[in-house]
């Protein structure tokens, strides 16, 4: 088994890749995989630690789904994604039907001629009520839309949700395509939803069932949440690098500012002494000694904020779904920078302001 990170306190979705003989055409291999999945579903349903099981040609976080290209009745070239699923896929994935109904094994025509589309598909084709409609292409086998599922992110968050068709029998779609692209294998995967209690025991029981049904085939599984997390690993690493670089820059800057403040205070010893003799209060001296640095920080922020906003906004543009860059972020960053700077120079400023004039002037 590949993963021992089982410290979860909620249901987890596990993907197990099925294997079928590398013989025959791809549609026949896919069908053989779903037949094999049915055997596993029957066996795994006996394990109390499993909440639900389904089968799907594609999973999440491991490459794009099958992309179909065709020319519609109006001569327009269109594309959409496709996934081959069983009748339990939508409830196991906890997807929401917004029109129509799910596939059902009790209705043989569902496997033979039914498809389910997502909201993005209906929007592209201008369907307000897609139930009973068919894809406007001459080559597709006889079919009809029986339902529409609420949009869900099955690809990277860098892209918007694309039009999607889900079928039980891929021949419906494959008969009318002109181009097909597959970034990941459509050979079915078992999608197993585990209950949070005793996951390690449940996975051991799944492996026992696997060994009993397959013999010597390797049992390998992945957690869906971890697979999806890996999609954004580079962004997470970038965040860590930026955080470390920011911390180092603050430390180096604070050391430099401390040295600069020390030198400035020494050069203004006579001035501060005379001001104190003339009646200046310690509070006014602190303001006097600190205001130059406040102006310096304000000038730095004035120059850096537009550049930072531009770079952050450009980076966020690479995500289809993103947060905005609000002024509160820059206000907080500016306030923090000012606080760090004032804390850095405060020791020298307070020390200089509190020193008695006689002690300072006797060395002048």
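The values are calculated or read from the model by the stated rules, or taken from the named source; none is laboratory data. Here the structure is a predicted model, which is why all the values come from computation and not from measurement. With ideal geometry, Cβ positions are generated from the backbone for all residues, glycine too; neighbour counts draw on all protein chains shown.
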Report, ordered by the first and then the second residue, all pairs with beta carbons closer than 8 Å, sequence separation of six or more or different chains, a first member in segment 90-101 that is under 17 Å from residue 114 (Cα atoms), and a second member that is modelled with pLDDT under 90 and crowded, with 19+ Cβ neighbours inside 10 Å. 99/130; 100/130
Test for residue 59: is it within 24 Å of residue 225 (Cα to Cα), outside the structural domain of residue 207 (by TED's automatic domain parsing) and under 25 Å from the mean Cα position of the chain (by Cα): no
Which one is modelled with the highest pLDDT, of the residues in segment 322-364 that are assigned to a loop (DSSP other than H, G, I, E, B) and surrounded by 11 or more Cβ atoms within 10 Å (Cβ to Cβ)? 325
Which listed residue is touching a helix residue (DSSP H, G or I) at 6+ places or on another chain (Cβ under 6 Å) and in a strand (DSSP E or B), from 192, 148: 148
Quickly run through segment 306-321 and pick out the residues that are at pLDDT below 75 and either surrounded by 14 or more Cβ atoms within 10 Å (Cβ to Cβ) or over 29 Å from the mean Cα position of the chain (by Cα) (or both). 319
For segment 67-85, name all the residues that are over 30 Å from residue 195 (Cα atoms) and in a strand (DSSP E or B). 67, 68, 69, 70, 71, 77, 78, 79, 80, 81
Would you confirm whether any residue within segment 114-122 is in a loop (DSSP other than H, G, I, E, B), surrounded by 15 or more Cβ atoms within 10 Å (Cβ to Cβ), in contact (Cβ under 8 Å) with a residue 24 or more places away in the chain and in the same structural domain as residue 80 (by TED's automatic domain parsing)? no
Here are some residues: 179, 107. Which one is within 25 Å of residue 20 (Cβ to Cβ), surrounded by fewer than 14 Cβ atoms within 10 Å (Cβ to Cβ) and not assigned by TED's automatic domain parsing to the domain that holds residue 52? 179
Looking at residue 71 and the list (1) in the same structural domain as residue 149 (by TED's automatic domain parsing); (2) in contact (Cβ under 8 Å) with a residue 60 or more places away in the chain; (3) over 24 Å from residue 161 (Cβ atoms), which single condition is not satisfied? (3)
Within segment 210-305, helices (runs of 4 or more DSSP H) holding 3 or more residues that are farther than 30 Å from residue 44 by Cα, within 29 Å of the chain's Cα centre (by Cα) and modelled with pLDDT of 80 or more: 233-267
In segment 132-158, the residues that are modelled with pLDDT under 85, touching a strand residue (DSSP E or B) at 6+ places or on another chain (Cβ under 6 Å) and more than 15 Å from residue 72 (Cα to Cα): none
Take residue 29 and tell me if it is more than 22 Å from the chain's Cα centre (by Cα), in the same structural domain as residue 224 (by TED's automatic domain parsing) and surrounded by fewer than 12 Cβ atoms within 10 Å (Cβ to Cβ). no
